[in-house]
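Below is one structure, written out as C-alpha cells; comments come after it.
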Amino acid sequence: PWPVHADTDHDRVRAAMLAGEILPLPALLERVAREHPGHVLEVELEREHGRWIYELKILQAGGGLLKLEVDAKDAAVLKRQAARL
C-alpha cells in the first residue's frame, strides 16, 4: 500500500526508493554499465506485475542500440534487445 501523501508518480517512486524497493538511478546505471557500457538515451520506470522495472535505451559504441528491462531493486537484467541504428 502507498502512503497517503503519495499522490503523484514522483511521490510513489520516492516512497518506493525509501522503502528499498528501488535502487537510486545513479547506482542502478553504474551497475548496468559494467556489463552494458554506452550512452543512456532514455530511462523509464514502470510498475509491472508487482515489481518496479527500469526500461533503458543505451547507444553503444559502433552505433548499436540496446534496450534493456532491468529490475529496479537489484539491477538484474530481465530482458535484452539489441538493434542496429
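Here is how the number arises for the chain: DSSP H runs of 4 or more residues each give -39500 (n - 2.57), the sum is divided by the residue count, and the result at 222 nm is -7500 deg cm²/dmol. Between A61, A27, A72, the residue with the greatest mean-square fluctuation in the GNM of the chain (Cα pairs under 10 Å linked by springs) is A61.
Within the listed set L41, L68, L23, the Gaussian network model of the chain (springs between alpha-carbon atoms below 10 Å) gives the highest mean-square fluctuation for L41.
Between the Cα long axis of helix 9-18 and the first principal axis of the chain there is an angle of about 90°, rounded to the nearest 10. Carbon-plus-sulfur accessible fraction, the chain (probe radius 1.4 Å, protein heavy atoms only): 52%. Between the Cα long axis of helix 25-35 and the first principal axis of the chain there is an angle of about 30°, rounded to the nearest 10.
For a straight C-alpha distance cut-off of 17 angstrom, the aspartates and glutamates reachable from K79 (same-chain residues fewer than eight places away being disregarded) are E35, E42, E44, E46, E48, E55, E69, D71.
Rounded to the nearest 20 debye, the dipole size of the chain about its Cα centre is 340 debye, using +1 on the Cβ of Lys and Arg and -1 on the Cβ of Asp and Glu.
The values are calculated or read from the model by the stated rules, or taken from the named source; none is laboratory data. For clarity, every value in this text was computed on a predicted model and none was experimentally measured. Note that we place each Cβ from the backbone using ideal geometry, even for glycine, and neighbour counts take in every protein chain shown. Keep in mind that these areas ignore ligands, DNA and RNA; they rest on the heavy atoms of the full protein, side chains included. Shrake-Rupley method; radii C 1.70, N 1.55, O 1.52, S 1.80 Å.
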